[in-house]
1. Inside the stretch 36-49, can you point out the residues that are over 23 Å from residue 93 (Cβ atoms) and either open to solvent by 30 Å² or more (accessible area, probe 1.4 Å) or not acidic (Asp, Glu) (or both)?
2. Output the qualifying pairs, or none if there are none: Cβ atoms under 8 angstrom, residues six or more apart or on different chains, first residue in the stretch 465-492 and closer than 13 Å to residue 118 by Cα and in a helix (DSSP H, G or I), second residue open to solvent by less than 60 Å² (accessible area, probe 1.4 Å) and of a type in the set (Phe, Trp, Tyr).
3. Out of the stretch 229-279, which residues are in a loop (DSSP other than H, G, I, E, B) and more than 26 Å from residue 467 (Cα to Cα)?
4. Checking residue 319 against (1) in contact with a helix residue (DSSP H, G or I) (Cβ under 9 Å, 6 or more places away or on another chain); (2) at pLDDT below 95; (3) more than 20 Å from residue 144 (Cα to Cα): exactly one of these is not met. Which one?
5. Determine whether residue 183 is buried (at least 19 other Cβ atoms within 10 Å of the Cβ) and either out of contact with any Lys or Arg (no Cβ under 7 Å at 6 or more places or on another chain) or farther than 30 Å from residue 38 by Cβ (or both).
6. Looking at the stretch 116-132, which of the residues that are free of Cβ contacts under 8 Å to residues at least 12 places away in the same chain and not aliphatic (A, V, I, L, M) is surrounded by the fewest Cβ atoms within 10 Å (Cβ to Cβ)?
7. How many of the residues making up the stretch 330-366 are touching a residue at least 24 places away in the same chain (Cβ under 8 Å), touching a helix residue (DSSP H, G or I) at 6+ places or on another chain (Cβ under 8 Å) and of a type outside the set (A, V, I, L, M, F, W, C)?
Amino acid sequence: MISFFLCLAILICGYLFYGKFVDQTFNPDDRETPAVAINDGIDYVVLPQWKLFMIQLLNIAGLGPIFGAISGAMWGPVVFLWITFGTVFAGAVHDYFAGMLSERNNGASISEVTGIYLGMTMKNVMRVFSVILLVMVGTVFAVGPAGLLVKLIGESGATGIWVDKVFWLAVILIYYFIATFISIDKIIGKIYPLFGICLIIMAVGVCFGTLTSGKPMPEIFDHFTNMHMKGMPIWSFMFINVACGAISGFHATQSPLMARCLKSERQGHFVFYGAMVAEGIIALIWAAAACALLGDGANTTGAGGPDTVFEISKITMKGVGMVLAVLGVIACPITSGDTAFRSARLTIADWFKIDQGSWKNRLMLCVPVLGVGAILGFGNAMGKIDYNVIWRYFSWSNQTLAMIVLWAGAMFLVQNKRNYWICAAPATFMSAVSMTYFMMADECLGAIDALNYKNPTGYTIGVVVGLIFAACCLFIFLRAAKKVNAKAAKVA
């Protein structure tokens, strides 16, 4: 329990001190924001700071800090360290720069922002990459809550259509279509505070239930080892599986939504950095609950899925409290899934310069985007597509996107003669993580045995290639930074 409270304190102090340092490094000012300058009543709308924070939190807090954190618990309490330090030094920095760089560029989508700082080639790569990722996210965040609803209602003894996963998936996708199509303040700005109440009750309830359960919570200093029952390596599988609980490229696609609604740049620290720290706390709570309540039970097939989430909620919050907890878990992915499809629409609109003030133009983009999501979602619901495969592809592409956005943030800092290491260091780390996973994971190149993870040669090759790739990325960045500085000095 000491480890849990120490990590919780570090997260809070990280927001207060390191988050402030990051904010001062970026140096927000009093310039007119896109929400004020453009204000189209659809996507550019000035919102109160508390709503900005709540919407940002619900946008980014999908299944990752819950499903991902529980999956991370398979490695034992060592996952606390990644959730804590990953959030403070990587995830929150990533989210902050994704939002603030968008704000500095008229609320542009992250693909357009990346192109500004990393070049046209990267812009085109990010355009395709972002849309594919967002559709996968929307699909994952529709299938997950549909499964939880079936599980929750099934426990009450209901039968028929109410326990049909296809039915609930269709209901969720219809809601996604509406939320993607209409003005951001019509549904998202109004119902998210209600979802936020469920989210807060869920986090507090699970935390209190875990601490008072009487079951010992394993300490990091007593279990500083790989506890995965199949021996799956910590590097880099744990970093990828936890995903949104520490750092997530998906957040970079969401931050521009709130960048279009800021009244002042000075709100960035609270809205972007603060929301990610709050998500880190949620992830820490779920990881701690899995370690304490499930023990080796977390090391089962499907750990982190709806059944595991339901079991933890049932143990920590009995009766009505348990129902509210599960509803909070359902709210998380739904409030990320709708904005995922919304972000996909805006990314395509920015790409092809399609005005979104016209309802016909919005409809033209909503139908194909939601259509692809529906095909993937119903394919899973009917047993044609494996949910776990979609999740793994999402996890890897998610962290790769985060890597690219951090490099863009580092280049912005170079161009503005500021401390670029706050972005370059986590960007280098994530470059190694992403490439190592790509080399080793079964759904990618599969350099190690997907069943027992005991191929030392394949593991070594994967790690070495990952480190070399990260070193190359850092070398290219430093060389580019040197050219930028030389050019600036020549102009001066």
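1. In the first step, residues of the stretch 36-49 are kept if they are over 23 Å from residue 93 (Cβ atoms); the result is 36-48.
Selection gives 36, 37, 38, 39, 40, 41, 42, 44, 45, 46, 47, 48.
2. As it stands, the answer is 473/407; 477/407; 481/420, since those pairs meet every condition given.
3. First pass over the stretch 229-279, keeping only residues in a loop (DSSP other than H, G, I, E, B): 229-233, 246-249, 260-264.
229, 260, 261, 262, 263, 264, listed by residue number.
4. (1)
5. Working: buried (at least 19 other Cβ atoms within 10 Å of the Cβ): no; either out of contact with any Lys or Arg (no Cβ under 7 Å at 6 or more places or on another chain) or farther than 30 Å from residue 38 by Cβ (or both): yes.
Here the answer is no, as residue 183 does not meet what is asked.
6. 121
7. Here the count works out to 13.
To keep it simple, each residue is scored yes or no on (1) within 12 Å of the chain's Cα centre (by Cα); (2) among the aliphatic types (A, V, I, L, M); (3) open to solvent by 20 Å² or more (accessible area, probe 1.4 Å).
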site: 222; (1), (2), (3): no, no, yes
site: 252; (1), (2), (3): yes, yes, no
site: 262; (1), (2), (3): no, yes, no
site: 265; (1), (2), (3): no, no, no
site: 270; (1), (2), (3): no, no, yes
site: 273; (1), (2), (3): no, no, no
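The values are calculated or read from the model by the stated rules, or taken from the named source; none is laboratory data. Keep in mind the model is a prediction, meaning the values are calculated, not measured. Heads up, the Cβs are rebuilt from the backbone with ideal geometry, glycines too, and the neighbour counts pull from every protein chain shown. The protein model used for the area step is the full one, side chains on, heavy atoms only, and it has no ligands, DNA or RNA in it. Shrake-Rupley method; radii C 1.70, N 1.55, O 1.52, S 1.80 Å.
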